[in-house]
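A quick write-up on the structure given underneath.
The values are calculated or read from the model by the stated rules, or taken from the named source; none is laboratory data. If you're wondering where the values come from, they're calculated on a predicted model, not measured in any experiment. Positions of Cβ are generated from backbone atoms using ideal geometry, with glycine treated the same way; all protein chains shown enter the neighbour counts. Just so you know, the surface numbers come from the protein's heavy atoms only, side chains and all, with ligands and any DNA or RNA stripped out. Shrake-Rupley method; radii C 1.70, N 1.55, O 1.52, S 1.80 Å.
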Amino acid sequence: VTVPLSLGSVMCFYTDGLVERRGQPIDLGLDQLCAAMTADRANVVCSRIMRALTDNLDEPEDDTAVLVMRRTTEP
């Protein structure tokens, strides 16, 4: 699949453990993820996402992985 990204665009890939919690609608996790996304440096966005979605967990119930990429140059 080819996804065109304009300069400065940010794309986030994640596992379901980031947004799914037992006993709560998945839409809540997806809304939290969307709220944490910004067009910033990839490491800043990753940190913001992880804080927003995992800081309140005593012990995660599932594995969590996040990959953020930002286009910084033209081809």
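Summary of values
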quantity: Residue that is most open to solvent (accessible area, probe 1.4 Å) [pool: residues in the range 15-74 that are assigned to a loop (DSSP other than H, G, I, E, B), under 19 Å from Val3 (Cβ atoms) and among the aliphatic types (A, V, I, L, M)]; calculated: Ala39
quantity: Qualifying positions in the range 5-54 - hydroxyl-bearing (Ser, Thr, Tyr) and either more than 20 Å from Ala65 (Cβ to Cβ) or modelled with pLDDT under 90 (or both); calculated: Ser6, Ser9, Thr54
quantity: Of all residues making up the range 4-14, the number that are open to solvent by 80 Å² or more (accessible area, probe 1.4 Å) and part of a loop (DSSP other than H, G, I, E, B); calculated: 2
quantity: Matching residues, the range 34-57, being within 16 Å of Phe13 (Cβ to Cβ) and in contact with a strand residue (DSSP E or B) (Cβ under 7 Å, 6 or more places away or on another chain); calculated: Met37, Ala42, Val45, Cys46, Ile49, Met50
quantity: In the range 22-75, the residues that are touching a residue at least 40 places away in the same chain (Cβ under 8 Å) and of a type in the set (S, T, N, Q); calculated: Thr64, Thr72, Thr73
